[in-house]
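All remarks here apply to the structure that follows.
Laboratory data are not the source of any read-out in this text; all were calculated from the coordinates shown. Because the structure is predicted, anything quoted here is derived from the model rather than measured. Neighbour counts run over all protein chains shown; Cβ positions are idealised from the backbone, glycine included.
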Amino acid sequence: MTEPEWPLYEVFVRGKRGLNHVHVGSLHAADDAMALQNARDVYTRRNEGVSIWVVRADDIAASSPDEKDPLFAPAGDKVYRHPTFYPIPDDVPHM
Amino acid sequence: MTSTAQPELPSQAQPELQAVFDAVIARNDRIEPRDWMPDGYRKTLVRQIAQHAHSEIIGMQPEGNWITRAPSLRRKAILLAKVQDEAGHGLYLYSATETLGVSRGELTQMLIDGRQKYSSIFNYPTLTYADVGTIGWLVDGAAICNQVPLCRTSYGPYGRAMIRICKEESFHQRQGFELLMTMMRGTDEQRAMVQESVDRFWWPALMMFGPPDADSPNTAQSMAWGIKRNTNDDLRQRFVDMSVPQAEVLGVTLPDPDLRWNEERGHHDFGQPDWDEFMRVVKGNGPCNTQRIAHRRRAHEDGAWVREAATAYAEAPLVEQRAPASVVETEETS
């Protein structure tokens with residue numbers, strides 16, 4: 001007998017003030033409150049965070065690995081977006 | 001966002017996809033859940049990560065056995081924290097397995113139906129409190145030897161789970177060693193208890209690395225795929241070399257008459273575990289196999305009403321009107 005599963009949540013933790021929330025893993029929970037409670041127990045047993053986000057995995061829109069090339073290619077040939085593109089004499093200070 | 005498995009495509013029909021996969025492995029990069037991967041790679045990972053997850057979950061039992069009888073509040077708090085960690089490790093690994101397209105329910109079912117395995121070490125009983133220390137020192141020590149190289153495994157979610165686990169395992173090993181050191185500073189009876197425990201766990205700990213390389217037909221393929229980074233025998237040797245000086249500090253004897261330093265090799269020579277016993281335990285005939293699975297099945301079935309009640313509560317219309325969850329102190333959300 002396989003019972004219906006609780007939805008999957010992705011868990012994001014802010015390690016300390018001043019940092020972004022970072023994806024740390026996932027878990028199952030019946031609702032948002034339980035997801036937060038479980039996230040605390042599973043992912044912050046050793047003071048790993050000061051804040052937690054949980055998001056239903058179904059609610060995340062993600063880019064597909066198949067379209068990786070067309071999606072990111074436009075950034076590839078624009079080397080002039082990087083500071084190293086511009087030769088500046090070594091003796092110019094604070095540059 | 002990492003949990004939707006791609007439909008499987010036969011690699012013969014997908015040479016370009018196979019080439020991309022091979023290139024990622026060749027440059028020692030990581031495969032992520034929605035990438036195309038060969039069927040065998042996916043199956044090997046499901047088997048290995050699930051077995052690993054099940055081991056963490058079943059591994060709660062031998063030590064959990066002693067929680068109510070811990071000799072002090074300090075030891076009880078430590079043991080509770082440790083057993084809770086094992087549960088956490090099981091959950092990290094189940095999540096990693098699920099990214100390969102298997103559901104949590106299927107995994108639990110396969111464990112309690114005996115269709116998937118867990119580490120044979122957890123089929124040995126814990127007869128004294130010294131076993132709590134020995135498990136920390138030797139069993140978690142062996143687990144660390146196995147797991148540290150797996151932090152670099154080629155499958156991203158598995159490697160990330162292993163990194164979290166390894167950070168926590170070091171507490172497990174140290175608390176075990178400290179427990180044994182404390183007993184060794186106690187009475188003759190306590191020292192004898194430690195030695196007796198080490199005598200029982202040494203050989204099963206060596207078996208944790210799996211059969212000798214010559215009898216491990218899957219190792220070569222797993223290493224080619226970057227799933228495994230070392231062979232069973234390499235890791236077993238590393239564990240023996242690591243444990244010998246630790247045993248000296250403790251003042252216990254490792255129960256192997258063939259154990260001695262080999263100057264030429266720069267490693268210890270050691271005897272072989274009883275591989276027939278290993279096969280018997282793996283096949284389900286160890287001292288505690290039946291009890292472990294029966295206990296896990298009971299916990300799962302007895303918990304069914306809780307899962308149903310939580311689902312019903314989540315689906316009740318009242319949930320919509322509830323204030324935002326405040327179980328955890330959340331800051332601003334942007």
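If the cut-off is 26 Å between C-alpha atoms, which lysines fall inside it for B:K117, apart from same-chain ones fewer than 8 positions away?
Correct list for B:K117: B:K43, B:K82, B:K167, B:K228, B:K283.
Report the charge-dipole magnitude of the protein assembly as shown in Debye, nearest 20, computed about the Cα centre from +1 at each Lys and Arg Cβ and -1 at each Asp and Glu Cβ.
In debye, rounded to 20, the protein assembly as shown gives about 740.
Mind checking which of A:N20, A:A57, A:P4 is farthest towards the positive end of region A:1-69's charge dipole, using Cβ charges of +1 (Lys, Arg) and -1 (Asp, Glu) about the Cα centre?
A:N20
Give me the log10 of I(q) over I(0) for the protein assembly as shown at q = 0.07, 0.08, 0.11 Å⁻¹, as the Debye formula computes it from C-alpha points; what are the numbers?
After summing over all Cα pairs, the log10 values are -0.42, -0.54, -0.97.
Among B:G64, B:Q221, B:Y155, whose Cα sits farthest toward the positive end of the charge dipole of the protein assembly as shown (+1 at Cβ of Lys/Arg, -1 at Cβ of Asp/Glu, about the Cα centre)?
Positive-most Cα among the choices belongs to B:G64.
Report, for chain A, the % of DSSP beta bridges that are antiparallel, rounded to 5. Kindly include the intermediate steps, with their values, before the conclusion.
Numbers: 13 of 13 bridges.
Around 100 percent antiparallel, to the nearest 5.
Go ahead and set up a Gaussian network model of chain A, Cα springs under 10 Å, then flag whichever of A:D59, A:D69, A:D41 fluctuates most.
Maximum fluctuation in the GNM of chain A, among the listed residues, is at A:D69.
Less than 14 Å Cβ to Cβ from B:A130, Lys/Arg counted +1 and Asp/Glu -1: what total charge do the surrounding residues give?
-2
Using the count of nearby Cβ atoms within 10 Å as a rough guide to exposure, how do B:S222, B:S119 rank from fewest to most?
B:S222, B:S119
Net charge near B:G286: determine it from the other residues with C-beta under 10 Å of the C-beta of B:G286, scoring Lys and Arg +1 and Asp and Glu -1.
+2
Any idea what the dipole of chain A comes to, in debye rounded to 20, about its Cα centre with Lys/Arg Cβ at +1 and Asp/Glu Cβ at -1?
Working: 10 positive and 15 negative charges, 116 e Å.
That gives chain A a dipole magnitude of about 560 debye.
Using unit Cβ charges (K, R positive; D, E negative) and no other charged atoms, how large, in debye to the nearest 20, is the dipole of region B:193-239 about its Cα centre?
200
Scattering from the C-alpha atoms of chain A alone, worked out with Debye: what is log10 I(q)/I(0) at q = 0.16, 0.21, 0.22 1/Å?
Results for chain A at q = 0.16, 0.21, 0.22 Å⁻¹ read -0.82, -1.00, -1.04.
Answer with one residue from B:Q291, B:W305, B:G114: the one whose Cα lies farthest towards the positive end of the charge dipole of chain B, charges on Cβ with Lys, Arg +1 and Asp, Glu -1.
With unit charges placed on the Cβ atoms, the residue in question is B:W305.
Which whole-angstrom value gives the distance between the alpha carbon centres of region A:36-95 and region B:104-145?
Here the two parts' Cα centres lie 38 Å apart.
In what sequence do A:H28, A:H94 fall when counting other Cβ within 10 Å, fewest first? Numbers along the way, then the final one.
On the way: A:H28 21, A:H94 3.
If I rank by nearby Cβ atoms, fewest first, I get A:H94, A:H28.
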